[in-house]
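The structure appears below as structure tokens.
Throughout, read-outs are computed from the coordinates displayed, never taken from laboratory work. Please read these numbers as outputs of a predicted model, since none were measured by experiment. Here the Cβ positions follow ideal geometry from the backbone for every residue, glycine too, while neighbour counts run over all protein chains shown.
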Amino acid sequence: KQHVRAVQTWDRLIDLGLDTLQGFADLEVVFAARRAAQDPLTGLPGRAALQQRLQGEQSLVLRQGRMCSVVMLDIDHFKSINDQHGHQAGDRVLAAFARLLRGALRPYDGVYRYGGEEFVLVLPGATVAQAVQIIDRMRQTIVERPLVQIQTGGLHIRFSAGVAALNERAIAQTLRCADAALYHAKAEGRDQVRLERGHCA
């Protein structure tokens with residue numbers, strides 16, 4: 001009997017160990033997914049997380065009728081920063097800009113790295129006019145002090161932005177409208193914010 005109990009106890013321990021190993025494996029899958037979804041340079045979530053957030057916000061917009069604005073930002077003359085000061089300085093600018101965006105927004109606003117020097121903000125409850133005010137305040141803040149310090153001194157940057165409303169149209173179309181508004185901000189001299197145009201739908 002003692003032998004049988006010992007075998008049963010050993011079997012339970014093996015099962016427990018296997019369950020624990022499976023638990024660790026499941027956690028590793030979760031952590032790996034999070035690492036894959038997070039930009040390693042800036043610590044910001046990327047496009048996949050942005051898509052999920054926009055789907056959730058669009059559902060609230062349609063069901064509750066609340067406002068939500070989407071902002072696409074691009075650091076002006078970023079290539080010149082890389083060319084003149086090196087890619088390491090460019091990486092520091094991107095990381096510092098990401099910190100500035102997070103610090104300037106409300107806890108429930110979304111900040112995402114879209115690619116390269118482009119970022120996307122999701123501003124729940126904000127009309128496009130309010131979004132423009134928020135971005136303009138950020139632009140003024142970034143002008144007042146250098147974003148990063150390099151060997152030659154403080155490095156100032158400027159950025160342009162395009163704003164679009166999140167509504168019933170396809171999410172991809174909303175992003176295209178914000179991107180088109182950003183393009184107009186760049187074409188009209190940079191360092192400014194532009195709203196989506198009426199024909200963008």
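Taken along the Cα-to-beta-carbon direction at a fixed 7 Å, the label points for D91 and Q55 span 3.3 nm. Among T174, T152, T141, the order by Cβ neighbours within 10 angstrom, fewest to most, reads T152, T141, T174.
The chymotrypsin sites (Phe, Trp or Tyr not before Pro) of the stretch 86-139 meeting both criteria, a DSSP state outside H, G, I, E and B (loop) and at most 14 other C-beta atoms within 10 angstrom of the site's C-beta, are Y108. What whole-number distance in Å separates the alpha-carbon centres of the stretch 161-189 and the stretch 32-83? Cα centroid of the stretch 161-189 versus Cα centroid of the stretch 32-83: 13 Å apart.
Using the beta-carbon distance between Q173 and Q149 and R0 = 30 Å, what value does 1/(1 + (r/R0)^6) give for FRET efficiency, to the nearest 0.05? After rounding to 0.05, the efficiency reads 0.15.
Summarising the label geometry, the points placed 7 Å from Cα in the beta-carbon direction at A104 and R197 lie 2.6 nm from one another.
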